[in-house]
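So the structure is just underneath, and the comments pick up after that.
The values are calculated or read from the model by the stated rules, or taken from the named source; none is laboratory data. If you're wondering where the values come from, they're calculated on a predicted model, not measured in any experiment. Here the Cβ is made from the backbone with ideal geometry for all residues, glycine too, and neighbour counts use every protein chain on show. Please note that ligands, DNA and RNA were not included when accessible areas were found on the heavy atoms of the full protein model with its side chains. Shrake-Rupley method; radii C 1.70, N 1.55, O 1.52, S 1.80 Å.
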Amino acid sequence: MTAASPAGERPAVVLGVAGGIAAYKAAELLRRFTESGHDVTVVPTASALEFVGAPTWEALSGKQVATEVFENITDVPHVRIGQQADLVVVAPATANTLARAAHGLADDLLTNTLLTARCPVVFAPAMHTEMWEHPATQANVATLRARGAIVIEPAEGRLTGADTGKGRLPEPTEIFELCVDVLARGTVADALDLQGRRVVVSAGGTREYLDPVRFLGNRSSGLQGYAIARAAAARGADVTLVAANVSLPDPAGVTVVRVETTGQLREAVLTAAKDADAVVMAAAPADFRPAEVSEDKIKKAADGSAPSLGLVQNPDILHELSTGRPRAASVIVGFAAETGDATGSVLDLARAKLARKGCDLLVVNDVSGGAVFGSTENQAVILGSDGTSREVPTAAKRVLAHVIWDEVAARMST
Ligand code: CTP
C-alpha cells in the first residue's frame, strides 16, 4: 500500500500548488527541498499555472509537471505519485483545494494524489481572511485535521491588496522546517501525537528597562524555544509561542505573542496557559528589575558620579504555573542553565531546582563557558519529578526539542 523511500534514497516529496497569488512563494519552498537533497514532484493545479507557469516548476524540480490525470497516462501518475510519496505538502492551499480535499473529490492530479497518499500530508493555506474564517472553510479544515492531516494556521499580515489580516502563507523557510520535522517522524501516527493538544512555549530573554532606552537583559537567542514551538506544530499541536525580544521568523502555524519584560511574559504565559495541556518555559526571564524606571533618559552627572541601581525581584513564573491551584497545565517543563559550584555538581543543583520550582520536567544545560547561547546545537539532561533522567547528547536544537515533546507526551493526561 504505502511505498516510502528505501533507506539511502532521497525522500520523495510531493509539492502540491493551488491557484493563489502565494504560488510564487512555493518556488522558494521547492528550492529549499531540492537543495537539501529531496526528490520533489510538483503537482500544480490548472489555476496555479495561471500564476506561475510550468517551466518554473520543471526547471526547479528537474521533472515534467502535470495537472491532469490524462497526461503521461502510461505511468498511471494519479496513483503512483501519491503512493510513492514520503510527504505531501500543499502550499499554498486555497479554500477551493481544501474543500476538494475535505470532500474526497478526484477531479485533477493533485486531488487524486491526496487520495492515494498514505504518508503525512501538510496543508499550508493562504487566502483572504474572510474566506479563511468562513464556516465552510473552517469545517473543511476540521475534517482534514480529524483525518490526520496537518493544516497550518495561516500567518497574519499583508494580503494581496492593501488589506491585512489572517490568511498569509507562512514564510517558505518556516514551512520547509516544519516539513523536515514531519518527514523525520515518518508515519502519520508518529508524526501527529500532539494533534488536538494546546501547548504554550516561552522563548527569548526579557528586558527590564532602567529608562526609555536602557535595559538589563541577557544572552538568550530564543533558538531553543523556537525549535520547541516548531516541533510541537509539526506534531499537530495548537501552539502559542510567547517570545521575549527574539529576532527570528515566526514558526509556521504558530501563534506568536511578543513581549519585552518579565511582567509582560508572566501575563501572556498565564493567559495562554489557562486551557493548555503543556507549558514549556524555555525563556530566560530576568530575575531582577530596577526598583524604579526613569521616565526620561538618565543623564550623566557633572561631577562624574554614577547612579546606583536598586533592584527588586521578579515573580517566578515557572513556580507560579507549577504550584498554582488549579494547576496551569497537566505537564509543566522548566529549563535550567547551570554551572556547578562549591555546594554541588550541575545535576545536584538541578535536582534541587526541580523540587523548588515544582515542575514535572527540568531540561538541564551545563553552561560552563557560555557554550549554548546563540548556538544551533544543544545538549542536555532531562530530569523528571518522578526520578527519571534522560541524557540527550550534543545535537541540533530541533533534536532536543523532539525529545522534550516525547517526554511531555508520555506524561500528558489522556
Ligand atoms: N523562570 C521563570 N521566572 C523567572 C525566572 C525563571 O519562570 N522569574 C523559569 C525559566 O524560564 C526556566 C526556569 O525558571 O524555565 C529556570 O530558570 P533559572 O533562572 O535557572 O532559575 P532561577 O529561579 O533563577 O534559579 P536560581 O536560584 O539558580 O537563580
Under a cut-off of 15 Å between alpha-carbon atoms, report the aspartates and glutamates in cross-link reach of Lys274, not counting same-chain residues fewer than 8 places apart. Asp238, Glu320
Under 15 Å from the Cα of Lys297 - aspartates and glutamates, other chains or at least 8 residues apart: Glu208, Asp211
Can you give the direction-averaged projected area of the convex hull of the alpha-carbon atoms in the chain, in nm²? 24.7
Comparing Val346, Val254, Val89 in a Gaussian network model of the chain (Cα, 10 Å), the one with the largest mean-square fluctuation is Val346
If you average the C-alpha positions of the range 188-234 and of the range 130-173 separately, how far apart do those two centres end up, in angstrom? 22
Count the DSSP beta bridges whose two residues both fall in the chain, then state the antiparallel fraction as a percent rounded to the nearest 5. 30
Could you compute how much accessible surface Arg327 exposes when probed at 1.4 Å, giving the result in Å² to the nearest 10? 70
Heavy atoms of the protein only, probe of 1.4 Å, neighbouring chains included. What is the accessible area of Asp316 in Å², nearest 10? 60
Accessible surface ranking that places the most exposed of His103, His402 first, with a 1.4 angstrom probe: His103, His402
Rank Ala27, Ala328, Ala301 by mean-square fluctuation in a GNM of the chain with C-alpha springs under 10 angstrom and give only the top-ranked residue. Ala301
Compute the distance from the alpha-carbon center of the range 343-414 to that of the range 1-76, in whole Å. 40
The chain: calculated mean residue ellipticity at 222 nm from DSSP helix runs of at least 4, using -39500 (n - 2.57): -10000 deg cm²/dmol
Relative pair counts by distance (%), Cα atoms of the range 198-411, 10 Å bins: 8, 33, 36, 16, 6, 1, 0
If I take R0 = 41 Å and measure r between the Cβ atoms of Ser247 and Arg118 in this structure, what FRET efficiency does the formula 1/(1 + (r/R0)^6) give, to the nearest 0.05? 0.55
So for R0 = 56 Å, FRET eff. of Ala410-Ile298 from the Cβ-Cβ r, to 0.05, ends up at 0.65
By accessible area (1.4 Å), largest first, Lys397, Lys63, Lys274 order as Lys274, Lys63, Lys397
